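We did not get these values from a lab; they are worked out from the coordinates using the rules stated. Source: prediction; values computed, not measured. Positions of Cβ are backbone-derived with ideal geometry, glycine not excepted, and every protein chain shown enters the neighbour counts.
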């Protein structure tokens, strides 16, 4: 059956998601249009495709135990020189993200894995590009602000074309998949979100 590469994340809703994706592309990050704007809960993880039903059930259980929480983004940060990343900072909602990602990677579940770096919730806006472009991203988005209520997270699969596509969105409190996108969904698909992120 082979393996698939999965990720779990909180989508940044509109209009912020598309705005940051376009800015990321504008800084010269070629991966921008293949990566919907997000806060990572589970980094790219290769799993046996046969475990997908178990993984979906696990994520549904995590979502069922979750509750909506406020998220606020403000200003920029960087992991340089440790890692060539510039990001928009999560200044509210980070502790809730940390608890969620811990439950997703729980040792008793199907997505247990070690992280390369300590978990630090953020929204990447430049990765692995020229230093001058990284500096521009850091400066240009220094005044960026966004806030919404997080009511769900989503499971994504990376295709052979390196594009991430959403498989399911899991609503907090119910655990039921909130919606799906076709397998051939656009790489820039964003979740359907109300202005309040519900």
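Arranged from fewest to most other beta-carbon atoms within 10 Å of their beta carbon, 120, 58 become 120, 58. Restricting the calculation to Cα atoms, every distinct pair contributes to the Kirkwood radius of the chain, found to be 17.0 Å. Cβ-to-Cβ counts within 10 Å put 149, 76 in ascending order as 149, 76, the fewest first.
Axis angle, to the nearest 10 degrees, between helix 52-65 and the longest C-alpha principal axis of the chain: 80 degrees. Note on the chain: helix-only mean residue ellipticity at 222 nm, from DSSP H runs of 4+ residues weighted -39500 (n - 2.57) and normalised by residue number, equals -7000 deg cm²/dmol. Taking each residue as 0.36 nm, the span from residue 18 to residue 98 lengthens on full extension beyond its C-alpha to C-alpha distance by 26.3 nm. Between helix 16-26 and the chain there is an angle of about 50 degrees, using the helix long axis and the longest principal axis of the Cα atoms. Please state the relative contact order of the range 54-147 as a whole percent: Cα pairs under 8 Å, 6+ residues apart? Relative contact order for the range 54-147 comes out at 38 percent.
Helix 131-140 and the longest principal axis of the C-alpha atoms of the chain enclose an angle of approximately 90°. Short-range pairs are left out: with C-alpha atoms under 8 Å and at least six residues apart, the relative contact order of the range 3-179 is 32 percent.
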